[in-house]
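Below is one structure, written out as structure tokens; the observations come after it.
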Amino acid sequence: MGLFSFAKRSVTRRVGVEHRQLFETTGSVLGSIQAECPRCVKGRLAADPGMPELRTCDAPDCGASFTIAELARSYAAAPVDVGAIVAHERRQALLMFVAAQILVVAASAWAVWTRSWETLGGAVLLAVVICATAMVARYRAWQVETGRLFETRAPLFDFLRAEAAGLFERR
């Protein structure tokens, strides 16, 4: 048992539900949470360092391995409403962007009122994290919409190109 596992176990026992949800959200934003295994649903799929196109379940009783192409086929065959997922993710992104703007405006007014620039700095840093969460939601929506879910390398430049085209496109 390592120091980090002991600290994680003792902190998660004492931390409330809200803090755990915040931890899970920041973990998903920073990319430390992997997809769940489709076979056992208990483990998480981790990338194999030797073969980047292979994902292996970390559950000791499962240990199943999947290629990215197999995962893409299995998720493509699942009966889901793509439009609903895209609309939900875009709605979440919009709410996050609006929340970040309200936070910065309110913190700016408070910082001017109290002459506390540390308040403004903290609010700007929090707004950056909220905007990163919103960009992750936009990226998920783009991935589902274009069908580029499981690729060896993340298509970030294609996503940024599509976002820039959407910003400057006339309607």
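Only the coordinates and a few stated rules stand behind these numbers; no lab work does. Note that this is a predicted model, so its numbers are computed, not measured. As a convention, Cβ positions derive from the backbone with ideal geometry for all residues, glycine included, and neighbour counts pool all protein chains shown.
Rounded to the nearest Hz, the phi-derived 3J(HN,Hα) couplings of the range 97-112 under the Karplus curve 6.51 cos²θ - 1.76 cosθ + 1.60 (θ = phi - 60°) are 4, 5, 4, 5, 5, 4, 4, 5, 5, 5, 5, 5, 4, 5, 5, 5, where x marks glycine and proline. Under the simplified labelling scheme, the A109-E163 pair shows an inter-label distance of 2.8 nm, with each label point 7 Å from Cα along Cα→Cβ. Listed peptides 99-111, 132-144 appear in the order 132-144, 99-111 once ranked by packing, highest mean of other Cβ atoms within 10 Å at the front.
The GluC sites (Glu not before Pro) found in the range 81-154 that occupy coil by DSSP, while having at most 14 further C-beta atoms within 10 Å, are E151. Out of every Cα-Cα pair that the range 81-171 contains, those further apart than 14 angstrom amount to 71 percent.
Between beta-carbons, use under 11 Å as the cut-off and find the net charge around W142, counting Lys and Arg +1, Asp and Glu -1.
+1
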